[in-house]
Amino acid sequence: MPEKIIEVRNLSKRFGSFQAVHDVSFTVYKGDVFGFLGPNGAGKSTSIRCLNSLIKPDSGTVKVFGESISTHRESILGRVGSIIEKPDFYKYLSAYRNLEIFSRISGKPSTKAEIYKMLDFVGLGGREKDKFAGFSHGMKQRLGIAQTLLHNPDLIILDEPTTGLDPQGIIDIRNLILRLKNEQNKTVLLSSHNLAEIELICNRMVIINKGRSIVEGNVSELMNGENLILRLEASPMTAAKNVLLAWKPSLLWDNVGDSSIQFPIEKSEIPALTKLLVENKIEIFSLEAKRTLEDYFIKIVNQ
Amino acid sequence: MILINSIYNEIIKIALKPRSYLGLAAITVLVGVIQFALKADGMSIISFVTSSFEQTLSFEGNVLNGNLVAFIILQMLIVQIPLLIALVTGDLVSGEAAMGTIRMLATKPISRIQLLLSKFIAGGIYTLLVIIWLGMMSVVLGKVLFGTGDMMVLNSDGLVILQEADINWRYLGGFAVAFLALFTVSSLSICLSCFTDNSIGPIVATMALILLFTIIGTLDVRVFDPIKPYLFTTHMASWRSFFEDPLPVADILRSCAVLVAHNVVLISVSLYTFHRKDIQS
């Protein structure tokens with residue numbers, strides 16, 4: 001069994017009459033890229049703030065590296081790098097000066113060369129002396145990532161790190177997370193409401209909704225038991241629909257343009273259906289099976 | 001070590017924030033204006049003050065010298081300096097909460113108590129620098145522009161003449177007590193700053209409290225008499241006691257004790273509040 005890096009049990013937090021988090025539990029193991037998935041307002045940020053000791057929970061336990069955050073706060077935070085919600089820095093200071101300030105209290109102060117190297121690593125080389133106030137959203141996120149990684153933490157917590165980024169920025173952050181896992185064996189907790197992001201990067205996840213953790217597990221295993229959506233482009237389409245109705249009279253499909261339809265199907269049924277269409281002289285131009293986290297998520301959240 | 005690093009961080013932040021220089025610039029301008037006015041028409045002001053004594057005393061020598069000018073300046077400016085201090089120290093916590101940087105700081109392996117203490121210490125260093133600058137501008141520049149000599153002080157007991165050689169230590173003592181009073185203002189504004197995420201609120205609230213306590217202190221109403229000795233504003237003018245002869249040591253020590261007690265309470269309340277605070281900004 002891999003080492004437990006984060007262990008949250010029955011975490012609850014109330015703000016006035018609003019129950020932000022209720023009985024949330026999950027475990028993150030060493031080397032995981034762990035997805036913390038939930039719609040806006042689900043309680044993700046509150047849970048993450050409890051992990052970082054920014055908020056004191058009303059009840060429940062939070063253990064990081066096997067120690068309680070409430071009793072070993074400083075030693076734990078020295079091994080954690082976090083971006084919570086959005087990276088906020090001193091507007092009147094340069095990128096270099098901002099990193100220097102946070103590095104000085106990180107437990108492992110970095111040299112000027114290390115700070116420059118990190119800025120270069122996140123694509124801010126040459127902008128070291130520019131004021132944070134003049135940075136674009138993408139540059140701010142990159143500086144946030146630099147601040148997170150500068151003291152070489154074992155656990156990286158990223159709360160919505162791709163929000164507001166352009167497509168290239170999103171790809172860069174994804175690649176960076178995968179590099180941190182694959183090349184440096186870092187453990188990453190990635191909070192997001194972006195389902196595709198979780199699906200692409202994470203090996204394990206928890207889904208949280210209305211302050212409660214609904215399901216936790218391996219991303220691919222969680223999705224295996226679910227129906228697929230099959231998108232079929234074939235000709236003649238009318239004949240193809242007749243074959244489908246004969247095969248399964250209760251089948252309902254959606255038309256996608258003039259020559260394609262999509263419908264739910266179980267993975268085991270696909271070979272038989274393909275064979276049936278070919279035997280009935282239907283020309284198949286494309287057959288695309290989709291199993292999206294989005295479908296899974298909506299189903300789980302609506303349960 | 002991390003506390004020293006954090007104090008260094010706070011000093012860097014204050015030093016690189018343009019607002020921090022407003023206080024120093026304001027002192028420079030205000031002192032410059034007062035010194036210009038005294039240079040241009042100072043003797044007529046002095047004559048107005050000394051006219052009631054001229055039948056029994058004769059004044060000779062450089063009456064309007066640097067020592068007296070510095071005293072006049074300090075008396076005029078000591079009301080404004082707290083605002084200049086609160087302008088910087090009032091948002092040391094709440095300004096960071098409004099900016100979101102307090103969240104970033106609080107995820108670092110430094111205890112919240114150390115984090116807040118570093119802000120108090122940095123606020124104290126800034127206050128000290130403001131006092132030193134005020135001293136440089138009023139006493140040193142005053143002596144350069146107006147020369148030196150014996151000092152004539154008019155207080156509630158009458159006219160006090162202080163020998164030239166007997167003055168510098170009085171200014172040192174006076175500035176030390178003024179620093180303690182202004183550090184209390186700094187502590188008050190940082191304390192208020194711990195209760196809000198709004199950066200302007202604590203600055204305004206600090207000034208409002210100073211104004212309120214000053215009014216209570218000056219109102220000749222019996223119901224306020226029991227609390228007057230315990231208001232820190234009552235002791236903000238204690239620096240003047242150093243220019244009395246004989247020196248009212250007991251009064252000065254009492255003022256210092258009240259100011260220190262205020263600081264202990266304000267810092268303790270701040271540490272307790274900040275330590276328990278949920279950071280949601």
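With respect to the conditions (1) open to solvent by 30 Å² or more (accessible area, probe 1.4 Å); (2) touching a residue at least 24 places away in the same chain (Cβ under 8 Å); (3) part of a helix (DSSP H, G or I); (4) polar (S, T, N, Q), B:S268 lacks only one, and its number is (2). Restricting the range B:75-87 to residues that are of a type in the set (A, V, I, L, M) and open to solvent by less than 10 Å² (accessible area, probe 1.4 Å), which is modelled with the lowest pLDDT? Only one residue fits best here, namely B:L77.
Screening B:G32, B:G42 for residues that are within 30 Å of B:V153 (Cβ to Cβ) and either crowded, with 17+ Cβ neighbours inside 10 Å or within 14 Å of another protein chain (Cβ to nearest Cβ) (or both) leaves exactly one candidate, B:G42.
Among the residues of the range A:172-179, are any away from chain B (no Cβ under 14 Å), of a type in the set (V, I, T), part of a helix (DSSP H, G or I) and touching a helix residue (DSSP H, G or I) at 6+ places or on another chain (Cβ under 8 Å)? Within the range A:172-179, one or more residues are away from chain B (no Cβ under 14 Å), of a type in the set (V, I, T), part of a helix (DSSP H, G or I) and touching a helix residue (DSSP H, G or I) at 6+ places or on another chain (Cβ under 8 Å).
Looking across the range A:93-131, the residues that are free of Cβ contacts under 8 Å to residues at least 24 places away in the same chain, facing chain B (nearest Cβ under 10 Å) and either open to solvent by less than 40 Å² (accessible area, probe 1.4 Å) or outside any helix (DSSP H, G or I) (or both) come down to A:E100, A:I101, A:R104, A:I105, A:P109.
Here A:L190 passes the criteria (1) under 10 Å from the mean Cα position of the chain (by Cα); (2) free of Cβ contacts under 8 Å to residues at least 24 places away in the same chain except the one numbered (2). Of the residues examined, B:L188 is one that is within 20 Å of the chain's Cα centre (by Cα), of a type outside the set (D, E) and either assigned to a loop (DSSP other than H, G, I, E, B) or away from chain A (no Cβ under 14 Å) (or both). Just wondering, is there one or more residues in the range B:85-102 that are in contact with a His (Cβ under 6 Å, 6 or more places away or on another chain) and of a type in the set (D, E, K, R)? No. Checking the structure you have, find out if any residue of the range A:227-237 is open to solvent by 70 Å² or more (accessible area, probe 1.4 Å) and closer than 17 Å to A:K290 by Cα. Checking the range A:227-237: at least one residue is open to solvent by 70 Å² or more (accessible area, probe 1.4 Å) and closer than 17 Å to A:K290 by Cα. Being among the polar types (S, T, N, Q) and in a helix (DSSP H, G or I) is the filter; apply it to the range A:148-171 and report the residue that is modelled with the highest pLDDT. So the residue we want is A:T148. A:I76 falls short on exactly one of the conditions (1) closer than 29 Å to B:A98 by Cβ; (2) not in a helix (DSSP H, G or I), and that condition is (2).
Are any of the residues in the range A:168-176 of a type in the set (G, A, S) and over 19 Å from A:L143 (Cβ atoms)? No: the range A:168-176 contains no residue that is of a type in the set (G, A, S) and over 19 Å from A:L143 (Cβ atoms). Across the range A:239-262, what is the number of residues that are assigned to a strand (DSSP E or B) and under 20 Å from A:E279 (Cα atoms)? So the count comes out to 2. Quick check: is even one residue across the range A:25-45 facing chain B (nearest Cβ under 8 Å) and surrounded by 22 or more Cβ atoms within 10 Å (Cβ to Cβ)? So far as the range A:25-45 goes, no, none of its residues is facing chain B (nearest Cβ under 8 Å) and surrounded by 22 or more Cβ atoms within 10 Å (Cβ to Cβ). Any residue that is touching a Gly at 6+ places or on another chain (Cβ under 9 Å), under 30 Å from B:I2 (Cβ atoms), free of Cβ contacts under 8 Å to residues at least 24 places away in the same chain and within 14 Å of chain A (Cβ to nearest Cβ) - is there at least one of those in the range B:107-130? Yes, there is a match, as at least one residue in the range B:107-130 is touching a Gly at 6+ places or on another chain (Cβ under 9 Å), under 30 Å from B:I2 (Cβ atoms), free of Cβ contacts under 8 Å to residues at least 24 places away in the same chain and within 14 Å of chain A (Cβ to nearest Cβ).
Residue by residue, here is whether (1) modelled with pLDDT of 85 or more; (2) more than 30 Å from B:I200 (Cα to Cα); (3) not β-branched (V, I, T); (4) not in a loop (DSSP other than H, G, I, E, B) holds:
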{"site": "B:S44", "(1), (2), (3), (4)": "no, yes, yes, yes"}
{"site": "B:G61", "(1), (2), (3), (4)": "no, yes, yes, no"}
{"site": "B:I113", "(1), (2), (3), (4)": "yes, no, no, yes"}
{"site": "B:L116", "(1), (2), (3), (4)": "yes, no, yes, yes"}
{"site": "B:K119", "(1), (2), (3), (4)": "yes, no, yes, yes"}
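A:S82 falls short on exactly one of the conditions (1) within 14 Å of chain B (Cβ to nearest Cβ); (2) modelled with pLDDT of 90 or more; (3) over 21 Å from A:N203 (Cα atoms); (4) in contact with an Asp or Glu (Cβ under 8 Å, 6 or more places away or on another chain), and that condition is (3).
Under 30 Å from B:D41 (Cβ atoms) and either open to solvent by less than 30 Å² (accessible area, probe 1.4 Å) or within 14 Å of chain A (Cβ to nearest Cβ) (or both): is that true of B:G90 in this structure? For B:G90, the condition - under 30 Å from B:D41 (Cβ atoms) and either open to solvent by less than 30 Å² (accessible area, probe 1.4 Å) or within 14 Å of chain A (Cβ to nearest Cβ) (or both) - is not met. Can you find a residue in the range B:189-199 that is in contact with a helix residue (DSSP H, G or I) (Cβ under 6 Å, 6 or more places away or on another chain), at negative phi and aromatic (F, W, Y)? No; the residues of the range B:189-199 include none that is in contact with a helix residue (DSSP H, G or I) (Cβ under 6 Å, 6 or more places away or on another chain), at negative phi and aromatic (F, W, Y).
For the range B:156-179, check the following and say yes or no: at least one residue is polar (S, T, N, Q) and open to solvent by less than 30 Å² (accessible area, probe 1.4 Å). No, there is no match, as no residue in the range B:156-179 is polar (S, T, N, Q) and open to solvent by less than 30 Å² (accessible area, probe 1.4 Å).
Just one of the listed residues (B:G142, B:G149) is within 24 Å of the chain's Cα centre (by Cα) and either more than 14 Å from every other protein chain (Cβ to nearest Cβ) or closer than 24 Å to B:V249 by Cα (or both), namely B:G142.
Summed over the range A:57-72, the residues that are within 14 Å of B:T107 (Cα to Cα) and either surrounded by 15 or more Cβ atoms within 10 Å (Cβ to Cβ) or away from chain B (no Cβ under 13 Å) (or both) give a count of 3.
A single entry from A:I214, A:I229 fulfils the requirement of being touching a helix residue (DSSP H, G or I) at 6+ places or on another chain (Cβ under 6 Å), assigned to a strand (DSSP E or B) and closer than 23 Å to A:I298 by Cβ: A:I214.
The values are calculated or read from the model by the stated rules, or taken from the named source; none is laboratory data. From a predicted model like this one, the values you see are computed outputs, not experimental measurements. Every residue, glycine among them, receives a Cβ derived from its backbone with ideal geometry; neighbour counts consider all protein chains shown. We work out accessible area using only protein heavy atoms, side chains counted, and drop any ligands, DNA or RNA first. Shrake-Rupley method; radii C 1.70, N 1.55, O 1.52, S 1.80 Å.
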